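This report concerns only the one structure given below.
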Amino acid sequence: SQQGEEDPQALSIQEGENATMNCSYKTSINNLQWYRQNSGRGLVHLILIRSNEREKHSGRLRVTLDTSKKSSSLLITASRAADTASYFCATDAVRSGGSNYKLTFGKGTLLTVNP
Amino acid sequence: NAGVMQNPRHLVRRRGQEARLRCSPMKGHSHVYWYRQLPEEGLKFMVYLQKENIIDESGMPKERFSAEFPKEGPSILRIQQVVRGDSAAYFCASSLGPYNEQFFGPGTRLTVL
């Protein structure tokens, strides 16, 4: 599997339900970020979690990071139709000298929230 | 405070023509990154530039692709003699520094006929 691989590839839920997406990666990282991309549009930065953090919240978003398992999850609570989008995790691998500016993206999870 | 600007948003070229994609970073950002997204794929790193310098172009194809970030003006990604396989969305991102969050522009969707 590639660095920053999301699971599942597609997820369809009803409005009001929670959506959980997972991301696995291979190498040690400094930071992990989640982005949202609406169809045919640009990326919107959602949240950044550092390797020394285990959990982070932002509004209806909750991100966890387990560096021992090299995995992260993104939870969207009380989903809305407007949350329909593709969600990507992006990692920056540790390298000498500090953070690696090269973000490595997975293929994304396509979330569909049905009204 | 405008975000990252890219133009054009859509670009159509015939095989063999040149494509020029422009990126203006967020105000105060001097670090620019270009990524390419093929259909149904995630973004792939192409090049990292600071003003007047290419820091890392390890993700750029060896031929036909070039990038610059002059002292004045936007960053330019240039693709010469385009082929159908160059059809993709090209995203630019900028940051305050190499250790900071990258903010993405809306992308340029290149279609090669």
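Scanning segment B:20-35 for residues that are surrounded by fewer than 22 Cβ atoms within 10 Å (Cβ to Cβ) and either in contact with a Pro (Cβ under 6 Å, 6 or more places away or on another chain) or assigned to a strand (DSSP E or B) (or both) gives B:Arg20, B:Arg22, B:Ser24, B:His31.
Taking B:Tyr48, is it hydroxyl-bearing (Ser, Thr, Tyr), within 20 Å of A:Leu46 (Cβ to Cβ) and either open to solvent by less than 20 Å² (accessible area, probe 1.4 Å) or not in a strand (DSSP E or B) (or both)? The answer is no for B:Tyr48. The requirement of being over 28 Å from A:Asn114 (Cβ atoms) and not β-branched (Val, Ile, Thr) is not satisfied by A:Asn38. In segment A:36-63, the residues that are within 22 Å of A:Lys26 (Cβ to Cβ) reach residues that are of a type in the set (Val, Ile, Thr) and part of a loop (DSSP other than H, G, I, E, B) with C-beta atoms within less than 6 angstrom, at least six apart or across chains, in these pairs: A:Ser51/A:Thr67. Pick from segment A:1-36 the residues that are modelled with pLDDT of 90 or more, assigned to a strand (DSSP E or B) and open to solvent by less than 20 Å² (accessible area, probe 1.4 Å): which of them is farthest from A:Leu110 (Cα to Cα)? Ranking the candidates gives A:Leu32 first.
The values are calculated or read from the model by the stated rules, or taken from the named source; none is laboratory data. A quick note: this is a predicted structure, and the numbers were derived from the prediction, not measured. All Cβ positions, even for glycine, are placed from backbone atoms using ideal geometry, and neighbour counts span all protein chains on display. To get the accessible areas, we keep the full protein, side chains included, count just its heavy atoms, and leave off ligands, DNA and RNA. Shrake-Rupley method; radii C 1.70, N 1.55, O 1.52, S 1.80 Å.
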